[in-house]
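Working notes for the structure below.
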Amino acid sequence: MSEILIFGGTTEGRLLASFCDENNLEATVCVTSQYGAELIDGSDKIKVITGKLDACQMQKMIFDGNYKKVIDATHPYALEATANIKKSCKLCNVLYYRVCREESDIVSGVCVNDHDELIAYLNSNDKVILSTLGSKELPLLKNVHNYSERVWIRVLEADKIAEYCESLGFSKERMIMGKGPFSVAQNICHIKMSNAKILLTKDSGLRGGYPEKVGATEECGIELVTLKRPVETGYTLEQIMEELL
């Protein structure tokens, strides 16, 4: 049984799995999607578990697995997941490490602090929007005036995602599916496809494709609206790698 449990689904999670494999460290990696699992190179040292876990399931996994170190490499905006992982580690008396993604030093355009501010800004105009916030934020975008006509969505290609989007009122004609991070050229292509005047994004950092979105919006001459990242404390990817050795 491995002593290291990684909650991943991000670039950092994949890099940590590769690091453990290269350094003969056995680790278990939890991801929520099949796509996340496919990104991790499998080996006899790395066990991948796929599926979303609630707080009770996380606690049971940590306790039953007798892990010594738990690394939270979930997305910077996955606040509920991080809260559940942290609570589970505390209850199981296991060391908890949070990977803090390097922030972008090129945050551009309009920055909003929270969901309310975001919706208020989007409702202050009638511009066509291309959202790259992901599928979890789709219920939020229903608060945008005339959202079914104004909002295009770019989401991860996954099982039944189209049906989910349609159930919320987003038509297939305004869906772009793909696997990021996307290049500047790909972002430009999607902007032109949607005829968007606003590209909506999170501060996904250098590893999450944020600079490429900045470059694309500048090239197309459209507005970039960024939902600011929640403030958190933790360790850099490099610091955690050193801790594992």
Can you tell me how many residues in the stretch 58-79 are over 12 Å from the mean Cα position of the chain (by Cα) and modelled with pLDDT under 90? 0
Inspect all residues belonging to the stretch 155-175 and state whether any of them is buried (at least 18 other Cβ atoms within 10 Å of the Cβ), of a type in the set (A, V, I, L, M, F, W, C) and more than 20 Å from the chain's Cα centre (by Cα). yes
Subset of the stretch 197-211 (residues that are open to solvent by less than 60 Å² (accessible area, probe 1.4 Å) and either closer than 18 Å to Ser135 by Cβ or at pLDDT below 95 (or both)): Leu199, Leu200, Thr201, Lys202, Asp203, Ser204, Gly205, Gly208, Gly209, Tyr210, Pro211
Please count how many residues of the stretch 55-73 are basic (Lys, Arg) and open to solvent by less than 10 Å² (accessible area, probe 1.4 Å). 0
Can you find a residue in the stretch 103-121 that is open to solvent by 20 Å² or more (accessible area, probe 1.4 Å), within 23 Å of Met241 (Cβ to Cβ) and not aliphatic (A, V, I, L, M)? yes
(1) free of Cβ contacts under 8 Å to residues at least 40 places away in the same chain; (2) over 20 Å from Gly9 (Cβ atoms); (3) not aliphatic (A, V, I, L, M) all hold for Lys68 apart from (1)
Give me the pairs: first residue in the stretch 225-243 and under 23 Å from Ile191 (Cβ atoms), second residue loosely packed, with under 13 Cβ neighbours inside 10 Å and of a type in the set (S, T, N, Q), beta-carbon distance under 9 Å, and six or more apart or on different chains, which are they? Leu227/Asn113; Lys228/Asn113
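The values are calculated or read from the model by the stated rules, or taken from the named source; none is laboratory data. No experiment lies behind these values; they were computed from the predicted model shown. Backbone-built Cβ (ideal geometry, glycine too); neighbour counts: all protein chains shown. In case anyone asks, the SASA skips ligands and DNA or RNA and just uses the protein heavy atoms, side chains included. Shrake-Rupley method; radii C 1.70, N 1.55, O 1.52, S 1.80 Å.
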